[in-house]
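Enquirer: Pasting a structure below so you can have a look.
The values are calculated or read from the model by the stated rules, or taken from the named source; none is laboratory data. These figures come from a predicted structure and were not determined experimentally. Cβ placement follows ideal geometry from the backbone for every residue including glycine, while neighbour counts extend to all protein chains displayed.
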Amino acid sequence: MKHQLPKLPYAYNALEPYIDEQTMIIHHSKHHQGYVDKLNAALEKYPEFQKKSLEDLLKNINSLPKELQGPVSKNGGGHYNHSLFWGMMTSDKNQNPGNELLEIFKKDFGGFENFKEAFSAEALSVFGSGWAWLIIIDGALKIISSQNQDNPIMRGNKEPLLGLDVWEHAYYLKYQNRRAEYIQNWWNVVNWEKINESYKQLR
Ligand code: MN3
């Protein structure tokens, strides 16, 4: 079974004006498709690993054949990260995290605004290409970042609650070098409804 590009859960222009249509078209139909295609190509000679789920491949990245580790972490990681990322955003803009998560943000970060500041700072500080993540470790929320297409499950953590792509391809057409402005605007399209569901499953 080959890996497949998932459909976007909204139209390419649905995140306007914060994320522009052209960026979404290229990001989904070229970049994400490219990760899927290269992942399938890398697995072509390995029928036994074609049967494994993407999560299985990434969680066990270090026990894959040496030749597969690089291509799977880059392209499998890219496929996994983007598949999550699309669902972490929504056309239903400016959602509120809701009372339960607001309480958790208060407990773990001193408040929602503090959390946003810390997450934004982590995303801004990624050198080159990578991601900022919100994960749960031992019942507490924690902000981390990763390089390239690495992600929390490759490090033995649970699926992330929230992730932000800070590769230049995610924002350069609209924001050029202004990553901070991209990050600030991205908060308007965060799918808090989805993140609440994930929290209930993962905590
Ligand atoms: Mn990307």
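Enquirer: Among the residues of the stretch 61-92 satisfying the criterion of being in a loop (DSSP other than H, G, I, E, B) and surrounded by fewer than 16 Cβ atoms within 10 Å (Cβ to Cβ), which is nearest to the chain's Cα centre (by Cα)?
Expert: The extreme case among them is Ser91.
Enquirer: Run Gln4 past the list (1) in a helix (DSSP H, G or I); (2) surrounded by fewer than 16 Cβ atoms within 10 Å (Cβ to Cβ); (3) under 18 Å from the mean Cα position of the chain (by Cα) and report the number of the one that doesn't hold.
Expert: (1)
Enquirer: Which of (1) within 15 Å of the chain's Cα centre (by Cα); (2) more than 22 Å from Gln147 (Cβ to Cβ) is the odd one out, the single condition Tyr18 does not satisfy?
Expert: Every condition holds for Tyr18 apart from (1).
Enquirer: Leu57: of a type in the set (A, V, I, L, M, F, W, C), closer than 14 Å to Ser73 by Cα and within 16 Å of the ligand (Cβ to nearest atom), yes or no?
Expert: No.
Enquirer: Take the residues in the stretch 156-203 that are β-branched (Val, Ile, Thr) and assigned to a helix (DSSP H, G or I), then tell me which one is farthest from Glu21 (Cα to Cα).
Expert: Once the filter is applied, the top-ranked residue is Ile195.
Enquirer: Any chance you could count how many residues in the stretch 1-31 are touching a helix residue (DSSP H, G or I) at 6+ places or on another chain (Cβ under 9 Å) and of a type in the set (Gly, Ala, Ser)?
Expert: 2
Enquirer: Of the residues that make up the stretch 122-140, is at least one in contact with a helix residue (DSSP H, G or I) (Cβ under 9 Å, 6 or more places away or on another chain), without any contact (Cβ under 8 Å) to a residue 12 or more places away in the chain and surrounded by fewer than 18 Cβ atoms within 10 Å (Cβ to Cβ)?
Expert: There is no residue in the stretch 122-140 that is in contact with a helix residue (DSSP H, G or I) (Cβ under 9 Å, 6 or more places away or on another chain), without any contact (Cβ under 8 Å) to a residue 12 or more places away in the chain and surrounded by fewer than 18 Cβ atoms within 10 Å (Cβ to Cβ).
Enquirer: Quick one: count up the residues across the stretch 45-60 that are assigned to a helix (DSSP H, G or I) and without any contact (Cβ under 8 Å) to a residue 60 or more places away in the chain.
Expert: So the answer is 7.
Enquirer: Does Ala42 satisfy the condition of being more than 15 Å from the ligand (Cβ to nearest atom), buried (at least 17 other Cβ atoms within 10 Å of the Cβ) and either in the same structural domain as Ser129 (by TED's automatic domain parsing) or not in a loop (DSSP other than H, G, I, E, B) (or both)?
Expert: The answer is yes for Ala42.
Enquirer: Output yes when any residue across the stretch 102-125 is within 30 Å of Tyr46 (Cβ to Cβ) and either in a strand (DSSP E or B) or outside the structural domain of Ser53 (by TED's automatic domain parsing) (or both), and no when none is.
Expert: No - not one qualifying residue is present in the stretch 102-125.
Enquirer: Starting from residues that are surrounded by fewer than 22 Cβ atoms within 10 Å (Cβ to Cβ) and more than 16 Å from the ligand (Cβ to nearest atom), keep the ones in the stretch 154-176 and report whichever is nearest to Gly78 (Cα to Cα).
Expert: Met154
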